[in-house]
Amino acid sequence: MTTAPRHAIDALFLEERTYPPSLEFATQANARPDIYERDWEELWEAEGRERVSWFKPFDKLYEWEPPYAKWYLGGKLNVCFNCVDRHVEAGNGENVAYHWEGEPEGETRTITFADLQRDVVRFANALKKLGVEKGTPVGIYMGMVPELPVAMLACARLGAPHTVVFGGFSADSLSGRLNDMECEILITQDEGWRRGSTVPLKKNADEALAASPGVKRAVVLRRTRSDVAIEDGRDVWWHEIVEGESDDPSSCPCEEMDSEDLLYLLYTSGTTAKPKGIVHTTAGYLVGVATTHHYIFDVKPDSVYWCAADIGWVTGHSYIVYGPLCNGTTGVLYEGTPDFPDKDRWWSIVERYGVDILYTAPTAIRAHMKWGPEHAEKHDLSSLRLLGSVGEPINPEAWMWYREHIGGGRTPVVDTWWQTETGMILITPLPGVTTLKPGSATKPFPGVLPAVLDEEGNDVGPGGGGYLVLKRPWPAMLRGIHNDHERYVETYWSRYEGLYFAGDGAKLDEDGDFWLLGRVDDVMNVSGHRISTIEVESALVDHQSVAEAAVCGRNDPQTGQAIVAYVTLKGGDEGDVEKLEELRNHVAKKIGPIAKPANIVFTPELPKTRSGKIMRRLLRDVAEKRELGDTTTLADPTVVEELQERASTERED
Ligand code: WT7
C-alpha cells in the first residue's frame, strides 16, 4: 500500500470554465460589488432594521455564547405580519402571492396577498377556537396546496410553533415527530396528488395519531374529496371550522413575539439515528431568509419566482414561504411531479406564468438531462433570467446543461450551499457580481465566515481540501436541537472548539472560491488518497453518454478502498463492457488513474432519499455485498434491490 501526504481530503478535479457577470445583468442587479466590503455587523444591523417591520425595535444585534447565539435582542415582531399584513397595509394587497397549479391539469388558483390575509385570518380564528394559542405546538402534514402556507402563517400569527412533516413520510415518521415536539393538534388533508395517484395523508395521519395520544384534535382539508374516516370529537373539516369566522385582520391581531421566540422545528432525518428537531426562532431567521432571498435571487417587484422544492423541506420553508413572502414576492406553487402528465410539465408552467427565477435541485436537473432537452424545447423559456441549485453538489456538466438548455445560455446559475441547520443560504454567488464557475458555490454570502480546515484545525489554504466550518454566527442559524443539548454539542460543536462543523467536505481554489465535496462520511480512501465522491461522479457525468453517477468506496485488501461507480446512461442505454472501459478511462484522463473506478454497475435509477439525495451508504452496502442498512428514508426501496441483483451479476475488475 502506497501512502500519500495526509490531506483531510485531496482536491483533484479541475474545472476551469468561468462566467463573469454580463454588464446587462450587473447594471440591474440587487447586489453591488461593494456589498462584500461591508462590515458584517453593520450589514446585519441595517438589514435587521430595514427589511422587516418591528412592533418594537431590537436594542442589541446579537449575543454569542458558543454554541448558542441570539439575534436582534429585545425586538418584538410577528412573522405573519411581515409576510402578509404589511403588504396589504402598504397598498399591495392585489399583488399575487402565489400562482398555484394543482397536479391535475387545468386546476389553478391565483392568490393575492389580500386573499392570503383573509384565508390566514379566518383559519387562525378557527384554530383559536380549537384551543391553539401562543406556544401551542402544531403538527402539519400536507401536500403542496395553498392551505399549507396558510396553516404555517396562521400558526405564526398566533405565536404557535409548527412542525411541517413532508407528505411523503410514513405514519411512523409523523408520529415520532408529533411526539417529540409534543404537538397538541395536527393539520392534514384527505389525500394528496402525486404523479396521477393519490397519497393517503389522512389514513397515514390516523395511524400516526394512534401512536400520538398528545394530539387531541386534527383539522382535515378536503382536497381530493375521497372518503376518509372522521373520528368524532377529534377530527374536524377545515371548510367547516372556517365557516362564519371573520376574515378581518383586527379580529385576530398578530401576536407580539420576541425575536428569540420559537418559530418552528424542522426534523432532519439522520441516516439511522432518531431525527433531530432543528430549532428556528423568529427575528434572525426572518431577516436571514429575506435578505438572502433578495440578493441571491435578484428578485424584482414584477418577478415571478419559482422554487420547485417541497414546503416539507427547509428549502420550502425558507424560500417558498418565509423569505419570498416577507419580500412581497409573487411565487409559483406547484402540487405535483415534473413528469406528470408529461415530462414537459415544468416548462409549460414556466412559459404560462412567465417565471423569471427558477430554483431547484441537482437531482431534478439530472432527471431532466436524462429525459433529454426536447421537452424544454417545446416551450418558450425566454422569461427566465436566473437559475438556482441546492441540495447536493452540482456536477459541472449538469450546471452547463441547466444554463444551456433551460437558461438559453444566458442566465446566471447560482449554486447555493446551506443546510436545514443553517436556515438560510451561506455560500453562493451573487448574480451580477460574482464570477460563476460550474460546480462551485463560489463565495460566502456577505457577513458569513466559512473556512476549510484539516484534521488538526489548520486552514488548508488555496488548492486544499478539508472540512467545512463556520467561524462566526449568522442570524438564521439553528438555536439547538429540540430537547437535546448534548447531541447539539456533539454533532456540530465538538469537532473544533467554538466552530460550527457542517459535516461537509470542501476545497478552496486559487481565487478563494468554495467547492463542496459532499458529506465527509462519504469520502473514499484509496491508497491513502482521500477522494471525494463528487469529483469522480463529475468526471463520469462529464462523459457525453452519462446522465447520472454515484460512487462509493468498498473495502479492498490492496488499496484500503476501491471505487465502485453506479452509472445511469442517457436515453435508457443499458451499457456493456466496452462502455465500462471507456468510462473508466475517461475518469483516469479527467482526474488521474488513482480515481479510476474498479468497477462500474449500470443502472436505470440510483437510490435516493425522498429529498433527492443519493444514498451512498446503501451503495456501500451493495458494493460490499452486505445486508442493507436502514432503508426507511429511501424514496423507492425497489431501486436498491434491483441494484443488488445487477451488482451480483456484474464482472469484477
Ligand atoms: C446538505 C444539507 C439546504 C437546503 C436543502 C438541503 C448538501 C446542500 C448544497 C450545494 C453541495 C449541498 C450538503 C449539506 N448541500 N446544498 N449547493 N452544494 N452540497 O438541506 O437536507 O439539510 O441538507 O445538503 O451536504 O450539508 P439538508
* Could you run the Karplus curve 6.51 cos²θ - 1.76 cosθ + 1.60 with θ = phi - 60° over the stretch 13-18 and give me ³J(HN,Hα) per residue in whole Hz, x for Gly and Pro? => 6, 10, 10, 10, 6, 10
* Asked: Can you list residues whose amide H is under 5 Å from Y72's amide H, if they're 5+ apart or on another chain and H is modeled 1.01 Å from N?
  -> Y62
* Between the stretch 553-597 and the stretch 197-235, how many Å separate their Cα centres? -> 48
* Structure fact -> For the stretch 245-343, listing GluC sites (Glu not before Pro) in a DSSP loop whose Cβ sees at most 16 other Cβ atoms within 10 Å gives E256
* To do: Treating cross-link reach as a plain straight distance, find the lysines whose alpha-carbon is under 18 Å from the alpha-carbon of K129, omitting any fewer than eight places away in the same chain.
  => K216
* **Residue (of Y334, G323, G354) at the positive-pole extreme of the stretch 307-403, dipole from beta-carbon charges** => G323
* Asked: How far is helix 201-210 tilted, in degrees, relative to the longest principal axis of the Cα atoms in the chain, given as a value from 0 to 90 rounded to the nearest 10?
  -> 80
* Structure fact -> Tilt, helix 40-51 to longest principal axis of the chain (alpha-carbon atoms), in degrees rounded to tens, equals 40
* Structure fact -> Between the Cα axis of helix 283-296 and the main Cα principal axis of the chain, the angle (0 to 90°, nearest 10) is 60
* To do: Using a/c under 1.5 as the rounded threshold, could you call the stretch 543-649 rounded, prolate or oblate? The axes a ≥ b ≥ c are square roots of the C-alpha gyration tensor eigenvalues, and prolate needs a/b larger than b/c, oblate otherwise.
  => oblate
* Asked: Too long at a 28 Å Cα-Cα cut-off: which of K56/K443; K443/K570; K343/K507; K274/K443; K570/K608; K437/K590?
  -> K56/K443; K443/K570; K343/K507; K274/K443
* To do: Quick one: grab the alpha carbon gyration tensor of the stretch 23-448, order the square roots of its eigenvalues as a ≥ b ≥ c, and give me rounded if a/c is under 1.5, else prolate or oblate depending on whether a/b is larger than b/c.
  => oblate
* Asked: In terms of the Cα gyration tensor, with a ≥ b ≥ c the square roots of its eigenvalues, is the stretch 424-500 rounded because a/c is under 1.5, prolate because a/b exceeds b/c, or oblate?
  -> oblate
* Straight-line reach from K589: which lysines have a Cα under 16 Å away, not including same-chain ones fewer than 8 places off? -> K579
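Readers should treat all values here as calculations from the given coordinates under stated rules, not as data from a laboratory. Small disclaimer: the values here were computed from a predicted structure and weren't measured. As a convention, Cβ positions derive from the backbone with ideal geometry for all residues, glycine included, and neighbour counts pool all protein chains shown.
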